[in-house]
Amino acid sequence: MIKIRSLTLAALVSALTPAVVSWAGAAELNVVPAQASSAATRSGFDGVVEAVRQTVIAAQVSGAVVFLDAKVGDSVKAGQVLLRIDARAADQNAAAAVAQVQAAHASLEVATQEYERKKQLFQKSYISQAALERAESGFKASRAQVTAQGAQAGAARTESGFYVIRAPYAGVIAEVPVTVGDMAMPGRPLLTLYDPSALRITAAVPQTVATQVAAGQVLRAELPGLPATRQWVTPSRVQVLPTVDAATHTVQMRGDLPTGLEGVAPGMFARLWLPVSSATSASRNLTVPLQAVVRRAEMTGLYVLDPNGRPQLRQVRLGRIEGDKVEILSGLMPGERVAADPQAAARAR
């Protein structure tokens with residue numbers, strides 16, 4: 001009984017350690033078996049990078065674009081002038097409104113003096129009560145006219161401000177769909193601006209998986225578009241929206257990215273990696289040494305030994321990288337042997 005257990009343990013150790021395989025006419029190769037990952041099971045869900053604060057600036061008035069000082073990718077400051085619309089007619093209307101206010105003030109001044117004189121004459125009984133009331137009515141009408149003209153002048157000044165487009169906050173220009181000479185119309189988009197200091201990843205996650213994410217649990221995010229050393233980040237905050245898509249039975253999960261990430265922009269492809277139980281995972285995650293991966297143009301593969309012990313190049317799909325190990329999402333079966341040195345395997349074929 002002791003000998004059988006010793007043999008079983010020795011066989012297990014030999015299966016989990018690199019082996020040396022040889023055949024007639026070929027050099028020796030170091031091979032390793034595809035093993036199930038010892039880390040917690042995680043599943044990746046495709047998502048996209050979004051800006052928490054993104055604004056489409058649209059025109060509020062009509063007119064030709066006469067000045068444009070914004071290009072895609074420009075960093076702008078809050079209040080910076082980005083675009084101007086021809087405002088000559090609006091400026092004339094504002095000037096006319098100011099003149100009407102001045103005229104209303106002059107009429108009010110005359111009505112005030114007339115009303116004061118009428119009150120003095122009425123106190124001496126030189127005029128009737130009706131004459132005093134007419135003077136008072138004229139005074140109140142002139143005062144109301146001043147208020148109305150002042151409001152109209154304020155509206156004209158406000159409308160004149162619509163012809164100058166300023167940045168509402170510091171950010172980056174994402175889109176400029178107009179150019180100098182284009183006709184701006186109310187509601188037509190002129191610029192798109194986003195705040196690069198607040199970005200997040202949004203992914204559609206199955207409802208059954210989202211319910212397993214416990215509060216305060218640390219999740220991982222992957223940005224494949226960045227260099228390998230900066231692809232993995234930890235979201236500063238994770239939010240699961242309370243609504244469920246009735247067609248796909250998925251929920252929107254958002255992971256806020258840390259500030260100061262270089263090379264990240266809205267629209268980039270990303271993944272959220274969530275811990276899932278073994279009951280919900282489709283299969284156990286397999287890992288192989290990272291040095292065993294072969295990259296040729298757009299093909300990523302491994303040298304897998306066939307039943308005769310000969311290395312055959314096979315295309316695989318890679319997952320997340322943990323240290324010197326890489327996860328194999330597809331193309332490899334548990335227990336298959338992989339050449340740890342792809343250059344030696346290529347020479348030995």
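The values are calculated or read from the model by the stated rules, or taken from the named source; none is laboratory data. From a predicted model like this one, the values you see are computed outputs, not experimental measurements. Don't worry about glycine lacking a Cβ; one is built from the backbone with ideal geometry, like all the others, and counts go over all protein chains shown.
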task = May I ask you to list the residues in the stretch 335-346 that are at negative phi and loosely packed, with under 12 Cβ neighbours inside 10 Å?
result = Gln343
key: Scan of the stretch 304-348 for residues that are touching a residue at least 60 places away in the same chain (Cβ under 8 Å), farther than 30 Å from Leu274 by Cα and not aliphatic (A, V, I, L, M), ordered by number   = Asn308, Gly309, Arg310, Pro311, Asp341, Arg347
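One line per residue, one yes/no per condition, for (1) polar (S, T, N, Q); (2) under 22 Å from Gly79 (Cβ atoms); (3) loosely packed, with under 14 Cβ neighbours inside 10 Å:
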| position | (1), (2), (3) |
| --- | --- |
| Ala141 | no, no, yes |
| Ala144 | no, no, yes |
| Gly150 | no, no, no |
| Ala155 | no, no, yes |
| Val164 | no, yes, yes |
| Ala170 | no, yes, no |
| Val178 | no, yes, no |
| Met183 | no, no, yes |
| Pro189 | no, yes, no |
ask   = Out of curiosity, is Ala228 touching a residue at least 40 places away in the same chain (Cβ under 8 Å), in contact with a strand residue (DSSP E or B) (Cβ under 9 Å, 6 or more places away or on another chain) and surrounded by 16 or more Cβ atoms within 10 Å (Cβ to Cβ)?
value = no
inquiry  = Criterion first (free of Cβ contacts under 8 Å to residues at least 40 places away in the same chain and in a loop (DSSP other than H, G, I, E, B)) does Pro168 satisfy it?
reply    = no
remark   = Ser197: passes all of (1) loosely packed, with under 12 Cβ neighbours inside 10 Å; (2) among the hydroxyl-bearing types (Ser, Thr, Tyr); (3) assigned to a loop (DSSP other than H, G, I, E, B) but (1)
query = Which members of the stretch 298-327 meet the condition of being within 13 Å of Thr287 (Cβ to Cβ) and in contact with a Ser or Thr (Cβ under 7 Å, 6 or more places away or on another chain)?
reply = Val316, Leu318, Lys325, Val326, Glu327
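Touching a Lys or Arg at 6+ places or on another chain (Cβ under 8 Å) and surrounded by 13 or more Cβ atoms within 10 Å (Cβ to Cβ) - does that describe any residue in the stretch 103-111?
Looking for residues that are touching a Lys or Arg at 6+ places or on another chain (Cβ under 8 Å) and surrounded by 13 or more Cβ atoms within 10 Å (Cβ to Cβ), one finds at least one in the stretch 103-111, hence yes.
Which is touching a residue at least 40 places away in the same chain (Cβ under 8 Å) and farther than 30 Å from Arg88 by Cα, of Thr202, Thr179, Thr192?
Residue meeting the stated conditions: Thr202.
Right, Arg200: in contact with a Gly (Cβ under 8 Å, 6 or more places away or on another chain) and modelled with pLDDT of 90 or more or not?
yes
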